[in-house]
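The values are calculated or read from the model by the stated rules, or taken from the named source; none is laboratory data. What you see is a predicted model, and the numbers here were worked out from it, not measured in a lab. Cβ atoms come from the backbone with ideal geometry, glycine included; neighbour counts cover every protein chain shown. Surface areas here come from the heavy atoms of the whole protein model, side chains and all, with no ligands, DNA or RNA. Shrake-Rupley method; radii C 1.70, N 1.55, O 1.52, S 1.80 Å.
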Amino acid sequence: MTREEAERALADLSGWSLSEDGRAIRKEWLVRDFAEAVRFFQEVAELAEAEGHHPDLHLEKYRRVTIVLWTHAVGGLSENDFILAAKIDRIPVALKQETPVT
């Protein structure tokens, strides 16, 4: 998939961005807590296994979740990455709520 094709496909997704080299897409979430991050990853893992398409999953600072998608077999992006991204976006996840300033 060319950079231009990837940029067009990204227009249909919310919050996903193209890597600098144009070979991967990524999205980051700040989830409620560690348990929510692990629960979300478990659902993503089950979906990915069912799809036969496995993303890179990152958890940092106990609730910062990042998912990176690219097609290993082609060394870059394919339509499957955007399909899986859209399906991941349908998984409910509890985000960290900002504390109101009083």
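Note on Glu43 and Arg8: the model spin-label points, each 7 Å out from Cα along the C-beta direction, lie 3.2 nm apart. Here the scattering of the chain is modelled by Debye summation over its C-alpha atoms, one equal scatterer each and no solvent; at q = 0.10, 0.12, 0.15, 0.24 Å⁻¹ the log10 of I(q)/I(0) is -0.28, -0.40, -0.61, -1.31. Counting only protein heavy atoms and a 1.4 Å probe, the chain has 63 square angstrom of accessible area per residue. Where only DSSP H runs of four or more residues are counted, the chain gives -11500 deg cm²/dmol as its mean residue ellipticity at 222 nm, each run worth -39500 (n - 2.57).
Label point of Ile83 set 7 angstrom out along Cα-Cβ; within region 13-49, amide nitrogens under 15 Å from it belong to 47-49. When a 1.4 Å probe is rolled over the protein heavy atoms, the share of accessible surface on the chain that falls to carbon and sulfur comes to 51 percent.
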